[in-house]
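Here's the structure we're looking at; comments come further down.
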Amino acid sequence: FEAYNPAVPSKPASETLALQRKQREQQLWRNNDTPWVVNEHNKNHEYTTKWFALEKWNHKIDTEAMKEYMQKTGTGLSQQQLKQIWNLSDLDRDGEYGNEEFLLCLWLMEQAQQGHTIPLTPPRNHIPPSFRAMYSTPPTQQQFQAPNKRNPFDAAYEPPVEEPEPEPPQPIAMMTNMAPETISP
């Protein structure tokens with residue numbers, strides 16, 4: 001038997017490596033294979049516990065409650081940082097926070113409090129798996145830095161108009177065949 005000596009492949013040029021890396025990243029993005037940052041750092045349980053402690057309506061935390069929570073727990077963060085975190089974590093732009101948006105928000109707040117720079121657009125691993133179909137291509141800075149009427153930390157914020165409570169129904173007088181003088185009060 002002859003010994004097998006495979007040929008040593010030549011090292012690809014840096015441009016080829018960069019192109020291969022970009023193609024691999026795009027493939028991961030399309031296939032949802034990028035691990036979510038919250039899971040990657042084992043924060044899901046910790047943050048989900050906080051999620052369940054908050055009052056929700058229709059499985060979401062409303063704008064005012066979320067703003068209050070961020071101000072209370074975002075110790076040391078400026079209004080500008082809170083605005084940027086809101087823009088990055090309110091992925092469906094409805095002004096309310098579902099579970100994964102809340103978890104992402106906590107991750108970004110924690111990172112900012114530790115002195116890390118808040119990204120201008122969410123990296124691939126910041127988009128939760130259930131939102132990746134919404135962002136079939138990598139998000140752009142314009143999507144996340146434009147004025148946001150649903151962000152309470154943004155100057156463009158427009159609070160939702162609350163509808164007045166409807167008048168309670170009035171009792172309907174019963175119709176009877178009896179003469180009015182025979183009905184006793």
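The values are calculated or read from the model by the stated rules, or taken from the named source; none is laboratory data. Note that the structure is a prediction, hence the values are computed from the model and not measured. For neighbour counting, all protein chains shown are included, and Cβ atoms are generated from backbone atoms with ideal geometry for every residue, glycine included. Please note that ligands, DNA and RNA were not included when accessible areas were found on the heavy atoms of the full protein model with its side chains. Shrake-Rupley method; radii C 1.70, N 1.55, O 1.52, S 1.80 Å.
Scanning segment 50-62 for residues that are in contact (Cβ under 8 Å) with a residue 40 or more places away in the chain and in a helix (DSSP H, G or I) yields a count of 2. So, Ser78, is that one within 16 Å of Gln113 (Cβ to Cβ) and either open to solvent by less than 50 Å² (accessible area, probe 1.4 Å) or in contact with a Cys (Cβ under 8 Å, 6 or more places away or on another chain) (or both) or not? Spelling it out, it is not the case that Ser78 is within 16 Å of Gln113 (Cβ to Cβ) and either open to solvent by less than 50 Å² (accessible area, probe 1.4 Å) or in contact with a Cys (Cβ under 8 Å, 6 or more places away or on another chain) (or both).
So is Thr34 among the β-branched types (Val, Ile, Thr) and open to solvent by 40 Å² or more (accessible area, probe 1.4 Å) or not? When the stated conditions are applied, Thr34 does not pass them. Within segment 138-171, the set of residues being more than 23 Å from Leu120 (Cα to Cα) and loosely packed, with under 10 Cβ neighbours inside 10 Å comprises Val161, Glu162, Glu163, Pro164, Glu165, Pro166, Glu167, Pro168, Pro169, Gln170, Pro171. If the condition is being of a type in the set (D, E, K, R), surrounded by fewer than 16 Cβ atoms within 10 Å (Cβ to Cβ) and in contact (Cβ under 8 Å) with a residue 12 or more places away in the chain, then segment 63-75 contributes only Glu64. Of the residues making up segment 81-109, those that are open to solvent by 40 Å² or more (accessible area, probe 1.4 Å) and assigned to a helix (DSSP H, G or I) are Gln81, Lys83, Asn99, Glu100.
Among the residues of segment 115-130, those that are in a loop (DSSP other than H, G, I, E, B) and open to solvent by 60 Å² or more (accessible area, probe 1.4 Å) comprise Gly115, His116, Thr117, Leu120.
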